[in-house]
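Working notes, beginning with the structure itself.
The values are calculated or read from the model by the stated rules, or taken from the named source; none is laboratory data. As the structure is a computational prediction, the values presented were derived from the model and not from experiment. Glycine gets a Cβ as well: all are built from the backbone with ideal geometry, and neighbour counts include every protein chain shown.
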Amino acid sequence: MLPDADVLYAALVARDPGFEGRAYACVRTTGIFCRLTCPARVAKRENVSFRASVQECRAAGFRPCKRCFPDQALRPRAGSSSSGAS
Ligand SMILES: [Zn+2]
């Protein structure tokens, strides 16, 4: 079962990898769903709902985010550059 939505939203804000693969954030305003670790800006609490699987997100009409690719398996990021200056 999904943890409490408030817990998940806090994890989303913190980009907490602890829920990776266990919960996905669906953003009503954009129609997109994300991993909780998505680098994109976090949507407002009232616009975010959580589902336990990619299948559930898709069934609800959401599309996978193009930044965090929630519908794809996690790829190890070892060796990727960490240069992220704004
Ligand atoms: Zn995303």
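Laid out as a table, the results:
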read-out: Cross-chain or 6+ apart pairs with Cβ under 8 Å, segment 48-62 first and within 14 Å of Arg28 (Cα to Cα), then outside any helix (DSSP H, G or I) and of a type in the set (D, E, K, R); value: Val48/Arg28; Ser49/Arg28; Cys57/Arg51; Arg58/Asp71; Ala60/Arg51
read-out: Output for segment 26-42, where each listed residue is closer than 18 Å to Arg15 by Cα and either part of a strand (DSSP E or B) or more than 12 Å from the ligand (Cβ to nearest atom) (or both); value: Cys26, Val27, Ile32, Phe33, Cys34, Arg35
read-out: Residue ID - nearest to the ligand (Cβ to nearest atom), chosen from residues in segment 14-25 that are modelled with pLDDT of 95 or more and of a type in the set (Gly, Ala, Ser); value: Ala25
read-out: From Ala43, Ala10, Ala23, residue being surrounded by 14 or more Cβ atoms within 10 Å (Cβ to Cβ), free of Cβ contacts under 8 Å to residues at least 24 places away in the same chain and under 11 Å from the mean Cα position of the chain (by Cα); value: Ala43
read-out: Set Arg51, Arg58, Arg63, Arg45: member being within 12 Å of the ligand (Cβ to nearest atom), modelled with pLDDT of 95 or more and charged (D, E, K, R); value: Arg63
read-out: Total residues in segment 46-73, condition crowded, with 18+ Cβ neighbours inside 10 Å and either in a helix (DSSP H, G or I) or charged (D, E, K, R) (or both); value: 2
